[in-house]
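All remarks here apply to the structure that follows.
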Amino acid sequence: MWWYKTRMPAFHTPAKFRRAISTLCLAGTALLCACGFQLRGQTTLPFETLHVQGASSMLVELKRNIAAGSQTKLVERAEGADAVLAVSLEAREKVILSLDTSGRVREYQLRYRVGFFVHDAKGQNWIPTSEIALTRDISFNDAQIIAKENEEALLYRDMQTDMVQQIVRRLARAQRSGG
């Protein structure tokens, strides 16, 4: 095969292949750094200890995020905590967005709302009563009911993760009011 020797692939040796891959990785890293991307890292919360009241799945995920991503210690009792996070509202809603010509549902809007506040043992607010609302739109098809139910559950889990991240960011910016 005389033509094979004249048309060698660009990376015909392992050393050249490794060098090309290294160059691509280095270029990709440089592009990520240039755009401002950085890993999340540790979150600095303005209190050393925190008590989270409640035991919903969202609060369990919030506790896990705080324990793993900050220096703040979670305590079991509100009396020994610098701050207490209390959830006043946690609601999931499903609202019809659109109908087809025969009156069947085509789209739903999923809503997830959480109301919370943070105070210290003396009753001073770190974060006054706040509410965060998230929405996601989902199409619906009668022929795929089980798949759409699974998609809905997945979207609610995703919304819960987003909610936890937003609460952690608000905790990081908290300031004690009134002194």
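Overview of results
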{"quantity": "Every residue from region 60-85 that is over 12 Å from V168 (Cα atoms) and touching a residue at least 40 places away in the same chain (Cβ under 8 Å)", "calculated": "A78, E79, A81, A83"}
{"quantity": "Single condition E90 does not satisfy, out of (1) among the charged types (D, E, K, R); (2) farther than 21 Å from M58 by Cβ; (3) surrounded by 14 or more Cβ atoms within 10 Å (Cβ to Cβ)", "calculated": "(2)"}
{"quantity": "Scan of region 101-130 for residues that are among the charged types (D, E, K, R) and surrounded by 12 or more Cβ atoms within 10 Å (Cβ to Cβ), ordered by number", "calculated": "R106, E107, R111, R113, D120"}
{"quantity": "Single residue of region 119-170 satisfying the filter (touching a helix residue (DSSP H, G or I) at 6+ places or on another chain (Cβ under 8 Å), without any contact (Cβ under 8 Å) to a residue 60 or more places away in the chain and among the β-branched types (V, I, T)) that is farthest from L97 (Cα to Cα)", "calculated": "I127"}
{"quantity": "Extreme residue, surrounded by the most Cβ atoms within 10 Å (Cβ to Cβ), among residues of region 131-160 that are of a type in the set (A, V, I, L, M, F, W, C) and assigned to a helix (DSSP H, G or I)", "calculated": "M159"}
{"quantity": "Subset of region 59-91 (residues that are touching a helix residue (DSSP H, G or I) at 6+ places or on another chain (Cβ under 6 Å) and within 30 Å of D142 (Cα to Cα))", "calculated": "none"}
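Conditions (1) under 27 Å from Y156 (Cβ atoms); (2) charged (D, E, K, R), marked per residue:
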site: F47; (1), (2): no, no
site: E90; (1), (2): yes, yes
site: R111; (1), (2): yes, yes
site: G115; (1), (2): yes, no
site: V118; (1), (2): yes, no
site: I127; (1), (2): yes, no
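Rule-based calculations on the coordinates, nothing more; no lab input. Everything numeric in this text was worked out from a predicted model, so none of it was measured. Counting neighbours? That spans all protein chains shown, and the Cβs are built from the backbone with ideal geometry, glycine included.
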